Amino acid sequence: MAILKVENLKTHFFTEEGLVKAVDGVSFELERGKVLGIVGESGSGKSVMSLSIMKLIPYPGRIVEGKIYFDGKDITQANESEMQSIRGNRISMVFQDPMTSLNPVFKIGFQLVEAVRVHKKVSKKEALDMAVKILKEVGIPDAEEAINRYPHEFSGGMRQRVMIAMALINDPDILIADEPTTALDVTVQAQILDLMNRLKEEFNSSIILITHDLGVVAEMSDEVIVMYAGRIFERGSVEDIFYKSRNPYTYSLMRSLPRLDVDQKRLQPIKGNPPSLIRLPQGCPFHPRCELAKDICKKKVPELLKVGTNHYSYCHFAAELEFNGGKVGTHS
Amino acid sequence: MEPILKVKNLKKYFPVKKKKLFERRKYLKAVDGVDLEVYPGETIGLVGESGCGKTTLGRTILKLYQPTEGSIIFDGKDIAKIRGKVLKDFRRQAQIIFQDPYASLNPRMKVKQIIEEPLIVHGYSRDEREKIVDEIMESVGLNPEHKFRYPHEFSGGQRQRISIGRTIALRPKLIVCDEPVSALDVSIQAQIINLLEELQDTYKLTYIFISHDLSVVRHISDRVAVMYLGRIVEIADKKEIYEKPHHPYTVALLSAIPIPDPEKERNRKRIILKGDLPSPINPPSGCRFHTRCYKAKERCAKEEPKLVEVSSGHSVACFYPENT
């Protein structure tokens with residue numbers, strides 16, 4: 001059974017400038033032990049979606065519709081104390097910036113112990129042992145010493161390891177990683193991704209990996225969701241998305257990337273800019289930037305169509321299209 | 001062909017604040033002995049991790065920092081020690097594009113004023129300025145009718161266009177592009193990269209393109225220099241460096257970048273480097289990379305390898321290079 005099931009989730013922000021539909025009708029399932037990659041540009045709603053799952057949506061936003069079933073129970077109905085027993089315990093989160101997500105005035109040992117003792121009835125000594133063990137697990141050298149250090153004594157990559165250790169210390173069912181490597185250098189990114197891959201197997205956790213980097217998605221994910229303007233534009237297995245995409249946005253995005261492995265004469269950018277969520281274009285929100293847009297795209301909002309086993313695309317022409325974005329440029 | 005820019009043994013040290021009164025003053029050696037030649041009309045990519053000195057090198061070349069040691073020959077003249085009017089004249093020929101289009105444009109100035117400012121500094125008349133501003137806006141893909149708008153009315157990509165417009169207003173020969181697309185969305189990056197390429201053709205520009213993104217650098221550069229802790233460890237033609245990297249650091253760096261092709265990604269061998277970049281205040285002895293290198297032997301900790309040419313145009317600083 002799926003550990004997480006999201007049904008028609010809508011998270012809207014009631015701002016002074018108007019209604020922002022940051023997440024607007026999103027449905028998906030996450031299986032145990034799998035990695036779900038969520039890609040999208042800034043403003044596509046990928047971060048708000050993960051915050052919705054944690055029920056950590058900042059004011060003036062709230063979930064206006066939809067259900068989130070975690071382990072069979074709808075957590076949109078859960079109250080704050082129920083959520084607190086889930087957060088950091090059964091669903092935990094790693095954020096982009098390891099500089100700001102640790103408390104600078106406490107030693108990291110204390111912060112890890114706190115994360116354990118909020119949820120489990122264990123002594124300080126036992127919790128500290130757990131902290132040392134998990135720090136070793138994530139590859140912090142001299143873990144026994146390290147627990148007595150403050151966050152500023154660690155480098156960016158090491159801090160991100162501490163964050164991952166903290167997220168994993170209670171052996172969560174789901175780890176949500178929101179751009180976990182964006183602030184890091186590529187060599188350190190490789191270390192962290194390697195670590196996450198190892199831990200996934202060891203702990204059998206499910207991972208939701210949010211990123212704008214299609215390379216990271218290709219490396220890490222089993223399933224992929226492509227988001228644009230608060231909606232799922234395409235959803236499927238990593239092979240579906242990269243080799244048999246049925247969505248013009250997915251393909252345009254892949255085609256616009258400069259590649260490390262392929263020579264390209266000219267890049268093929270997507271024209272225009274991502275739309276403002278307050279004033280979305282009529283019809284398909286991507287139509288002003290889409291090369292294949294026809295009349296119907298300007299008028300009618302598409303639906304998420306099923307185009308294969310577990311493969312869905314949000315496009316009027318999903319049935320007729322197929323793109324191979326993963327091999328873009330390799331043959332020409 | 002004569003190089004437009006020739007950098008020899010360039011060093012830039014920053015003093016570090018003393019912790020005790022009688023302590024010896026320490027220096028952060030951001031750029032520590034760089035030799036580099038840049039030819040007219042080419043794009044040279046400068047890559048490396050944060051803290052490797054690539055930005056400092058770019059800025060020192062433009063004399064935004066006063067070099068600690070070494071010479072910078074631009075167009076046949078040593079500009080390392082120039083000041084005053086000569087420096088101002090140099091500025092007109094060498095410009096910079098910054099990373100963050102949100103921070104590098106004055107929010108209180110209209111687009112016209114932003115693009116016009118370098119022209120005022122260099123004494124263009126009002127009529128000339130009017131003409132140039134319209135022309136520039138057109139060539140960077142902005143509507144000249146929008147010249148009375150403020151930066152906040154534009155998106156990130158458009159702001160970077162404004163910033164590029166300001167840079168090329170004086171028709172410089174050399175432009176240092178310091179991570180010009182890193183702050184932009186994926187779908188916008190390609191627009192700006194294409195624009196930079198078009199402008200290079202139109203105005204015969206020479207670029208020093210600084211980036212940590214090796215995919216972008218591969219696309220835009222003719223030659224690539226890899227930096228590590230203030231030194232260039234490898235420099236070669238683009239094709240050479242991506243297909244036959246010699247320095248273990250270059251090899252590791254290239255292998256660390258995920259490719260958006262799941263099949264290829266699964267079959268790739270990744271070299272995971274241990275640890276982080278060492279401090280440039282106290283760099284390791286011998287080869288600076290030996291503490292993280294998977295090929296390091298005893299000799300690497302004692303002796304410092306020099307940047308030597310191993311094949312035409314391909315130089316590397318390593319005792320035990322790969323792919324040779």
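The values are calculated or read from the model by the stated rules, or taken from the named source; none is laboratory data. This one's a predicted model, so the numbers in the text were calculated from it and none came from an experiment. So basically every Cβ, Gly included, is an ideal-geometry build from the backbone, and we count neighbours across all protein chains shown.
For the range B:198-228, how many residues meet the condition of being within 13 Å of chain A (Cβ to nearest Cβ), over 26 Å from A:Gly272 (Cβ atoms) and part of a strand (DSSP E or B)?
4
If you check A:Ser237, A:Ser276, which single one turns out to be at pLDDT below 90 and either at positive phi or surrounded by fewer than 21 Cβ atoms within 10 Å (Cβ to Cβ) (or both)?
A:Ser276
Just to check your reading of the model, which residue among B:Asp185, B:Asp178 is within 26 Å of A:Pro274 (Cα to Cα), of a type in the set (D, E, K, R) and within 11 Å of the chain's Cα centre (by Cα)?
Of B:Asp185, B:Asp178, the one residue that is within 26 Å of A:Pro274 (Cα to Cα), of a type in the set (D, E, K, R) and within 11 Å of the chain's Cα centre (by Cα) is B:Asp178.
Pick from B:Ile132, B:Ile97: which is in contact with a Pro (Cβ under 8 Å, 6 or more places away or on another chain) and either aromatic (Phe, Trp, Tyr) or surrounded by 17 or more Cβ atoms within 10 Å (Cβ to Cβ) (or both)?
Working: B:Ile132 fails: in contact with a Pro (Cβ under 8 Å, 6 or more places away or on another chain).
The unique qualifying residue is B:Ile97.
Mind listing just one residue for me: the one in the range A:62-111 that is in contact with a helix residue (DSSP H, G or I) (Cβ under 8 Å, 6 or more places away or on another chain) and in a helix (DSSP H, G or I) and, of those, surrounded by the most Cβ atoms within 10 Å (Cβ to Cβ)?
Per the stated criteria, the residue is A:Ile108.
Please count how many residues of the range A:112-150 are over 26 Å from the mean Cα position of the chain (by Cα) and in a loop (DSSP other than H, G, I, E, B).
Qualifying residue count for the region: 10.
Name the one entry in B:Glu138, B:Glu153, B:Glu145 that is more than 14 Å from every other protein chain (Cβ to nearest Cβ), under 30 Å from A:Pro248 (Cβ atoms) and surrounded by fewer than 16 Cβ atoms within 10 Å (Cβ to Cβ). Working first, answer last.
Working: B:Glu153 fails: more than 14 Å from every other protein chain (Cβ to nearest Cβ); B:Glu145 fails: under 30 Å from A:Pro248 (Cβ atoms).
Residue meeting the stated conditions: B:Glu138.
Does any residue in the range B:59-79 that is closer than 25 Å to B:Leu28 by Cβ come within less than 6 Å, Cβ to Cβ, of a residue that is assigned to a loop (DSSP other than H, G, I, E, B) and of a type in the set (Gly, Ala, Ser) six or more places away or on a different chain, and which pairs are these?
That search, which allows pairs on different chains as well, returns B:Pro67/B:Ala80; B:Ser71/B:Ala80; B:Ile72/B:Ala80.
Every residue in the range B:262-307 that is under 20 Å from A:Asp194 (Cβ atoms) and either in the same structural domain as B:Asn9 (by TED's automatic domain parsing) or of a type in the set (Lys, Arg) (or both), please.
The answer is B:Lys264, B:Arg266, B:Arg268, B:Lys269, B:Arg270, B:Lys274, B:Arg292, B:Lys295.
State the number of residues belonging to the range B:229-270 that are out of contact with any strand residue (DSSP E or B) (no Cβ under 6 Å at 6 or more places or on another chain), under 16 Å from A:Asp185 (Cα atoms) and either part of a helix (DSSP H, G or I) or more than 8 Å from chain A (Cβ to nearest Cβ) (or both).
Here the count works out to 7.
Please count how many residues of the range B:179-211 are touching a strand residue (DSSP E or B) at 6+ places or on another chain (Cβ under 8 Å) and either surrounded by fewer than 21 Cβ atoms within 10 Å (Cβ to Cβ) or among the basic types (Lys, Arg) (or both).
Residues meeting the conditions: 2.
Can you find a residue that is within 10 Å of chain B (Cβ to nearest Cβ) and touching a Lys or Arg at 6+ places or on another chain (Cβ under 8 Å) anywhere in the range A:159-180?
Looking for residues that are within 10 Å of chain B (Cβ to nearest Cβ) and touching a Lys or Arg at 6+ places or on another chain (Cβ under 8 Å), one finds none in the range A:159-180, hence no.
Would it be correct to say that A:Arg231 is among the basic types (Lys, Arg) and closer than 29 Å to B:Val251 by Cβ?
Against the criterion (among the basic types (Lys, Arg) and closer than 29 Å to B:Val251 by Cβ), A:Arg231 does not qualify.
Restricting attention to the range B:49-65, report how many residues are farther than 18 Å from B:Leu174 by Cα and more than 10 Å from the chain's Cα centre (by Cα).
So the first thing to find is which residues in the range B:49-65 are farther than 18 Å from B:Leu174 by Cα, and the list is B:49-53.
Next, from what is left, pick out any that are more than 10 Å from the chain's Cα centre (by Cα): B:49-52.
Result for the range B:49-65: 4.
With the requirement that a residue be part of a helix (DSSP H, G or I) and either closer than 16 Å to B:Ile232 by Cα or in contact with a Leu (Cβ under 8 Å, 6 or more places away or on another chain) (or both), what does the range B:60-90 give you?
Listed by number, the residues that qualify are B:Thr60, B:Ile61.
Would you say B:Leu195 is part of a helix (DSSP H, G or I), within 11 Å of chain A (Cβ to nearest Cβ) and modelled with pLDDT of 95 or more?
Yes.
What are the residues in the range B:271-324 that are acidic (Asp, Glu), under 16 Å from B:Pro245 (Cβ atoms) and not in a loop (DSSP other than H, G, I, E, B), if any?
Residue satisfying the conditions is B:Glu309 alone.
Can you name the residue in the range A:112-128 that is without any contact (Cβ under 8 Å) to a residue 12 or more places away in the chain, basic (Lys, Arg) and within 18 Å of A:Ile86 (Cα to Cα) and, of all such residues, is surrounded by the fewest Cβ atoms within 10 Å (Cβ to Cβ)?
Ranking the qualifying residues of the range A:112-128, first place goes to A:Lys121.
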